1. Among the residues of region B:1-9, is there at least one that is more than 14 Å from chain A (Cβ to nearest Cβ), in contact (Cβ under 8 Å) with a residue 12 or more places away in the chain, surrounded by fewer than 16 Cβ atoms within 10 Å (Cβ to Cβ) and hydrophobic (A, V, I, L, M, F, W, C)?
2. Check F:K154 against each of (1) facing another protein chain (nearest Cβ under 7 Å); (2) without any contact (Cβ under 8 Å) to a residue 60 or more places away in the chain and name the one condition it does not meet.
3. For residues that are free of Cβ contacts under 8 Å to residues at least 24 places away in the same chain and open to solvent by less than 20 Å² (accessible area, probe 1.4 Å), scanning just region B:130-142, find the one that is nearest to E:E96 (Cα to Cα).
4. Can you name the residue in region D:119-130 that is farther than 23 Å from D:L61 by Cα and touching a helix residue (DSSP H, G or I) at 6+ places or on another chain (Cβ under 8 Å) and, of all such residues, is farthest from the other protein chains (Cβ to nearest Cβ)?
5. Residue by residue through region B:114-129, note down the ones that are buried (at least 19 other Cβ atoms within 10 Å of the Cβ) and not in a loop (DSSP other than H, G, I, E, B).
6. Could you tell me how many of the residues in region F:62-78 are over 24 Å from D:A135 (Cβ atoms) and surrounded by 16 or more Cβ atoms within 10 Å (Cβ to Cβ)?
7. Kindly evaluate B:V149 against the criterion of being touching a residue at least 60 places away in the same chain (Cβ under 8 Å), open to solvent by less than 30 Å² (accessible area, probe 1.4 Å), over 20 Å from F:S121 (Cβ atoms) and under 17 Å from the mean Cα position of the chain (by Cα).
8. Cβ-Cβ below 8 Å, separation at least six or inter-chain, first residue in region A:60-71 and within 12 Å of A:P7 (Cα to Cα), second of a type in the set (D, E, K, R) and modelled with pLDDT under 95: which pairs?
Number of protein chains: 6
Amino acid sequence: MRVAVYPGTFDPITNGHLDILERAVNLFDQVIIAIAEDNYKQTLFTLEERRYLVEQACKHLPRMEVRTFDGLLIDFVQSINANVIVRGLRAVSDFEYEMQMAMMNKKLNHNVETIFLMSASKYSFLSSSIIKQVALLDGSIKGLVPVEVEEALKGKYMLKAGTREG
Amino acid sequence: MRVAVYPGTFDPITNGHLDILERAVNLFDQVIIAIAEDNYKQTLFTLEERRYLVEQACKHLPRMEVRTFDGLLIDFVQSINANVIVRGLRAVSDFEYEMQMAMMNKKLNHNVETIFLMSASKYSFLSSSIIKQVALLDGSIKGLVPVEVEEALKGKYMLKAGTREG
Amino acid sequence: MRVAVYPGTFDPITNGHLDILERAVNLFDQVIIAIAEDNYKQTLFTLEERRYLVEQACKHLPRMEVRTFDGLLIDFVQSINANVIVRGLRAVSDFEYEMQMAMMNKKLNHNVETIFLMSASKYSFLSSSIIKQVALLDGSIKGLVPVEVEEALKGKYMLKAGTREG
Amino acid sequence: MRVAVYPGTFDPITNGHLDILERAVNLFDQVIIAIAEDNYKQTLFTLEERRYLVEQACKHLPRMEVRTFDGLLIDFVQSINANVIVRGLRAVSDFEYEMQMAMMNKKLNHNVETIFLMSASKYSFLSSSIIKQVALLDGSIKGLVPVEVEEALKGKYMLKAGTREG
Amino acid sequence: MRVAVYPGTFDPITNGHLDILERAVNLFDQVIIAIAEDNYKQTLFTLEERRYLVEQACKHLPRMEVRTFDGLLIDFVQSINANVIVRGLRAVSDFEYEMQMAMMNKKLNHNVETIFLMSASKYSFLSSSIIKQVALLDGSIKGLVPVEVEEALKGKYMLKAGTREG
Amino acid sequence: MRVAVYPGTFDPITNGHLDILERAVNLFDQVIIAIAEDNYKQTLFTLEERRYLVEQACKHLPRMEVRTFDGLLIDFVQSINANVIVRGLRAVSDFEYEMQMAMMNKKLNHNVETIFLMSASKYSFLSSSIIKQVALLDGSIKGLVPVEVEEALKGKYMLKAGTREG
């Protein structure tokens, strides 16, 4: 059985992530979405919120499971007996960072392979960061994230605005 | 009438910005310099200081106006009935970031076009950040920024040094 | 009056070119499509064929004219009293080549400005070369080129096949 | 059953290709090496020679088969009921070309996925072209190609030299 | 006498740095490793610790000296009568940043030249940051840093863990 | 004694090459310009013409010698007991090609080091190819090449035009 891990912070999940996922489930017997706890990086959504949003967005996908992890990705991959890491590539800047990570992971564990899928061109400009920037300034992100994420972002920033204004 | 917006943080304005501006005013009926308030990013100069320095540097340019904005750039562009955003491109890393922003803005408002001008090669290494780094360490920035900016940076960092030493 | 030139070999014109053109006509008072004779590069279509296909594809566009030129682009631009060159940018490799040409043209004539538009993401993989490769091998190019170009390519390669087989 | 195609001209196969292949056979139930006939590009080795060298180099690999094809890659992939194309990525310039091809292939056939593996860093500078250049000038290519290829290149260029000198 | 400066934060020194250094000492009469104090950037190791680790790692190298500096690099270079700055290049993203710095330094002092060495491909993915990330998560960095650095990182992070847990 | 080789086709030498050379002679005890015979690539100028133009352009430079070579560059470098290859870097596309060559040369001979100098920004768009294109179309190349090259190009293309027209 070939098990692939699709890791990320998913803060929050976008339609670009979903596109990669939908293609990955056709390539492997099982795909594990691995959400990084990321204690060392400020996230907008808590780990539990990110997990919930991923689960809502992926309900329709077969052969898939959502997990969270901390520590080294490669240790997590090995602990669940997976042998493939899946990553999306959008642009040249992605490419160099991803190449660095793939080489480091290869060095850490020679049996795990990283494969890359090119993002669909219509999502090539999309990232969790730009989604948060636009949502924060009250711009429309319809069609770029799952509906549940749209709602969650609205709630998050309304709450923040309330705190600031109150 | 074709109105173009040249947006940025201008913290502070450099001769690279001025070069783009001087070329942009020949292409459009009016050019609006739009200074972002950038509440979410630490700036060295306050919004009022940045505005003053831009105004001093651009006094000689015709058909030009200085404005400040907060919120989404694309909303500001629409609010003043402009239809073009002007951006300078220096390097490959600029290119990918700018492409991402241009595509997002196109999605947010299909009627606004982003155009790019290549920076003059003599300014291709110039950025507000590198100017601040060099000035902070007391290096010469003559010829890279307008005279007023040179003075303002000197004042800013002398003040800081005073605070540290005092 | 601001006149812009959109130069190229257009061997043949693609929907990516058309997208840039449709956006350029909104930015200037007139846009001249300038088809390079390119004596020094093998083209699939003759200059007259390329011109015909461009004219068919652009019939619906206002304030536009089709011209052919040989010699230096910058000399042609000056000869028709234009002051802007328009170019599309798809990718990093485009960027460096275009930057080189823009700087050379700036040196040859300081009064002419080159502006860049980012290709729509759905056309970011599109080029005349890839279109010819796919058409030659009998792949579908529907939706990537104007209908007339689709027909013309079919005719061209059938003829070639006939010659080979005959 | 998941069948992947690893296409190329393989003129000649290098240790960089072999590295990608050895990793690909662990990811899929079967890997088909598809050697392009490339009538339109001058190759040093004939199709039969390239096929022979690939077969010699890959004898030790399980679940693998060598095939030749002409026409569109995507048509070949479909004709053998494969659903994945495997490609190696060495550098940024590869990345942009490969992205263009992957997007075109996706448009031509939505059911076929292209996946990318990063070349091992020790082969990141390796290409069939540089191998031919070095061998032609009598430089050592030991360790960069399979032994059979080393011999074949020696033979090829000695023959050529003979022809020139004779 | 030709004296070259190899500047950096060295937080901590890696085998990639060492590779550049070992090659630089063959090119010049003397090489000065210049460790930046970097008051404005959070470092994991103190200046004294970084200096100690560099000294341990470079004991075997001839014609070499370790120095620390604050202020502008170019001022330090001039103050010790050096005329060359040595930098390693790993990837495209390095390239653009380094180009910017080299041009700025050229402008600040025309007599100082920056030269670049390409990192060995086996270290092309290596950086002080990725080393710290991996070590922090208890991954193996054997072979990527000098032994003393491996120990020092272990100590540093055990201490931190102790603090957190205690 | 440290001897560096600055290799190239120099078809013809440009002011960009000269800038690199003038900086290289300050870094080494001797610099050898090595002009490649390039039997396998069409050059505009013959080897003797290219050599003559380089010699004219470099008359003012101390500690420099002009040589021609065929075969592998690395063999030539070793044959004259040099230990350094000098190359200029203008852009990202240069970078990747140069990295490939530097790594191949390192593999062919571990004792020879390749160092890179960044082109002056005012020459960053300059190449022998673009110079030939512009000169061919009768554009001005003043300030971009030495005076002798300007003359030689004029002569070359007048001759060609004569041949065509005659």
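1. The answer is yes; a qualifying residue exists.
2. (1) is the only condition that F:K154 fails.
3. Among them, the one singled out is B:I130.
4. In the first step, residues of region D:119-130 are kept if they are farther than 23 Å from D:L61 by Cα; the result is D:125, D:129-130.
When the remaining residues are screened for being touching a helix residue (DSSP H, G or I) at 6+ places or on another chain (Cβ under 8 Å), the result is D:125, D:130.
Working: D:F125: 4, D:I130: 6 Å.
Across region D:119-130, the extreme among qualifying residues is D:I130.
5. B:T114, B:I115, B:F116, B:L117, B:M118, B:S121, B:Y123, B:S128
6. 2
7. The answer is yes for B:V149.
8. A:T68/A:E37; A:F69/A:E37; A:D70/A:E37
The values are calculated or read from the model by the stated rules, or taken from the named source; none is laboratory data. As the structure is a prediction and not an experimental result, all values here were calculated from the model. Glycine gets a Cβ as well: all are built from the backbone with ideal geometry, and neighbour counts include every protein chain shown. To get the accessible areas, we keep the full protein, side chains included, count just its heavy atoms, and leave off ligands, DNA and RNA. Shrake-Rupley method; radii C 1.70, N 1.55, O 1.52, S 1.80 Å.
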